[in-house]
Amino acid sequence: MNSNDQCNSVSLKEHLLAMLAAEHERIEQQRAFVELRFALAERALELDHIEVLRRLDLLNHAHEQARQKEATFVGREVYESQEKEHNKWRDEVNSALSARQGRSSVTSGVAGAVGGLALSALFGLIMYFTKVVLSGFPK
């Protein structure tokens with residue numbers, strides 16, 4: 001061996017210790033990486049839990065609003081009974097209006113006939129007086 005080889009040469013023990021140190025460093029880096037992954041996964045679970053609670057709170061609030069709004073609705077049975085009563089009332093009003101309109105038509109017809117006869121008699125009387133007055137003048 002020359003002196004140059006001696007300066008560049010490393011003992012087997014030093015070489016193995018350096019390899020072990022490098023391997024130990026690599027293992028520590030992997031361990032730190034795995035711990036970071038677990039920490040990030042745990043934080044993601046915490047954030048997800050907070051988001052689920054927030055959404056649940058919104059849903060509960062919306063559900064309560066829906067229940068309050070639903071309390072103002074009329075039930076089907078009540079609506080149907082009110083609709084039947086309304087239809088009955090409407091039919092009664094329609095029949096009363098039809099009867100009144102029929103009587104009104106008859107009354108209007110009679111009044112029209114009487115009025116027409118009265119006007120005819122009036123015009124006839126006017127024509128008669130005009131004829132009498134005009135016949136008295138010399139021709």
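The values are calculated or read from the model by the stated rules, or taken from the named source; none is laboratory data. All values derive from a computational prediction rather than experimental measurement. Neighbour counts are summed over all protein chains in view; Cβ atoms, including those assigned to glycine, are modelled from backbone coordinates with ideal geometry. Ligands, DNA and RNA are excluded from the accessible area calculation, which covers all protein heavy atoms including side chains. Shrake-Rupley method; radii C 1.70, N 1.55, O 1.52, S 1.80 Å.
Would you confirm whether any residue within the range 110-118 is loosely packed, with under 10 Cβ neighbours inside 10 Å, part of a helix (DSSP H, G or I) and out of contact with any Pro (no Cβ under 6 Å at 6 or more places or on another chain)? There is no residue in the range 110-118 that is loosely packed, with under 10 Cβ neighbours inside 10 Å, part of a helix (DSSP H, G or I) and out of contact with any Pro (no Cβ under 6 Å at 6 or more places or on another chain). A single entry from ALA62, ALA99, ALA41, ALA71 fulfils the requirement of being hydrophobic (A, V, I, L, M, F, W, C) and at pLDDT 95 or above: ALA41. ARG37 meets the stated requirement of being open to solvent by 100 Å² or more (accessible area, probe 1.4 Å) and more than 31 Å from the chain's Cα centre (by Cα). I'd like the full set of residues that are open to solvent by less than 100 Å² (accessible area, probe 1.4 Å) and among the hydrophobic types (A, V, I, L, M, F, W, C), limited to the range 51-94. Residues satisfying the conditions are VAL52, LEU53, LEU56, LEU58, ALA62, ALA66, ALA71, VAL74, VAL78, VAL93.
Among the residues making up the range 123-138, those that are open to solvent by 90 Å² or more (accessible area, probe 1.4 Å) and either among the β-branched types (Val, Ile, Thr) or outside any loop (DSSP other than H, G, I, E, B) (or both) are PHE123, MET127, TYR128, PHE129, LYS131, LEU134.
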